[in-house]
Amino acid sequence: MVDEAKRFLITPGARVIVDATVGPGGHAEALLEAAPADCVLIGVDLDDEALGLAARRLERFGERVVLEKMNFADLEERLSRRYVGRVDGLLVDCGISGLQIVSSVRGFSFDRQGVLDMRFDRGSGATAGDLLRSMDLDGLTGLLREFGETRLAKRIARSILDARDASRLESTLDLSRAVKAVVKHKPAKSLARVFLALRATVNSELGSLARLMESLPRLMNSGGRVCVITYHSLEDRIVKRSFRRLSGMCVCPPGVPVCACGKVTEFKILTPKPLRPRPEETSANVSARSAKLRAAEKIEYEH
Ligand SMILES: C[S@@+](CC[C@H](N)C(=O)[O-])C[C@H]1O[C@@H](n2cnc3c(N)ncnc32)[C@H](O)[C@@H]1O
């Protein structure tokens, strides 16, 4: 959804844009091409390989590009230490890139042989294999349910843990086999959910996104715009609720007689409904099918 990202983020006042998930640099390149010549882009990722690819792809923009390895959840703190403080544009394109999916050493794909790693940052933290070694039946069942696998969650979890206990869970294809052993009919959806649940847990994806959203009032300049692309409902819910809260819409639980959340308006929502990719995009890139883009603008309000 590059055109939509450009439409929201390239404003006459854009001087500093952060691409918080720069990946191999596709969106960043398009943004830099469209932005004013004095606009700088800070590209962030946790993945060293992605940062290397982005560095090569964006080399021609010279000093207009700064690349940083960090978790975007830490942006507020890292930017205030190193850069200008606040920014005029922020792009977050959640999830994984095509290059990460096809790499067998990363373990993100359920139909390619690979190691059970799934970390964005291969230099730190527990892998998917470590996670599976430490989980019990209730924990894994709960995790699969959270990520949408309702009916068969317990049977899938048991099959995975049985494979683990029989020392038959060394690779991504072993994990896929354990899922397929109990999901005989059209297993692709279950496989996708199992891999998503593990990947999101290994990388604390929902927590990082929530922390980034929470920091927006202090991260953005007045008039600055944020644009977030999500790929599943749990991510989208975090963004939708954060935008609602920041735009001053009441977030009290249903049934509360008098508003108790005391919301103030800090952002204006630019997408009352999330934007979806155009058919040309989804036919060229299947994983774009589930994408939703939401954008908001900080209004003149000093936090
Ligand atoms: C969908 S890809 C981005 C692709 C990029 N927009 C492009 O056009 O090439 C998402 C990227 O975000 C990175 N990522 C995910 N969560 C992150 C986090 N919390 N902090 C930093 N990078 C993260 C992943 O490593 C991956 O490279």
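Values in this text are rule-based calculations from the coordinates and carry no lab data. Computed from a predicted structure; not experimentally measured.
In plain terms, the bigger the Kirkwood radius, the slower the diffusion; for the range 55-110, with that radius from Cα pairs, at 20 °C and 1.002 mPa s, Stokes-Einstein puts D at 152 µm²/s. Each listed q (0.14 Å⁻¹) maps to a log10 I(q)/I(0) for the range 136-288 from the Debye sum over equal C-alpha point scatterers, namely -0.87.
The 3J(HN,Hα) values that the Karplus relation (6.51, -1.76, 1.60; θ = phi - 60°) gives for the range 98-113 are, in residue order, x, 5, 5, 4, 7, 7, 5, 6, 8, x, 8, 9, 7, 10, 10, 5 Hz. Gly and Pro appear as x. By a straight-distance test (C-alpha under 14 Å), which aspartates and glutamates pair with residue 292 as possible cross-link partners, with residues fewer than eight away in the same chain excluded? Partners found: 3, 4, 93, 235, 236, 281. Normalised by 2.2 N^0.38 Å, where N is the number of residues, the alpha-carbon radius of gyration of the range 121-202 equals 1.00.
Per-residue 3J(HN,Hα) values for the range 4-15, derived from phi via the Karplus relation 6.51 cos²θ - 1.76 cosθ + 1.60 with θ = phi - 60°, read 5, 4, 5, 4, 7, 8, 8, 10, x, x, 6, 10 Hz in sequence order (x marks Gly and Pro).
Would you mind giving the three semi-axes, in whole Å and largest first, of the ellipsoid equivalent to the range 165-237 according to its Cα gyration tensor? Kindly include the intermediate steps, with their values, before the conclusion.
Details: eigenvalues 268, 38, 11 Å².
Three semi-axes, in Å: 37, 14, 7.
Report the semi-axes of the equivalent ellipsoid for the chain in whole Å, largest first, where each axis is √(5λ) for an eigenvalue λ of the Cα gyration tensor. All intermediate terms of the calculation are to be shown ahead of the outcome.
Numbers: eigenvalues 239, 115, 58 Å².
They are 35, 24, 17 Å, listed from largest to smallest.
Here the Karplus curve 6.51 cos²θ - 1.76 cosθ + 1.60, taken at θ = phi - 60°, turns the phi angles of the range 139-151 into couplings of x, 5, 4, x, 5, 5, 5, 4, 9, x, 8, 8, 5 Hz, with x standing for Gly and Pro. Just to confirm my numbers, what's the Cα centroid distance between the range 180-245 and the range 1-39 in Å? What the calculation gives is 21 Å, centre to centre. If the segment from residue 233 to residue 270 were pulled out straight at 0.36 nm per residue, it would be longer than the present Cα-Cα gap by 11.4 nm.
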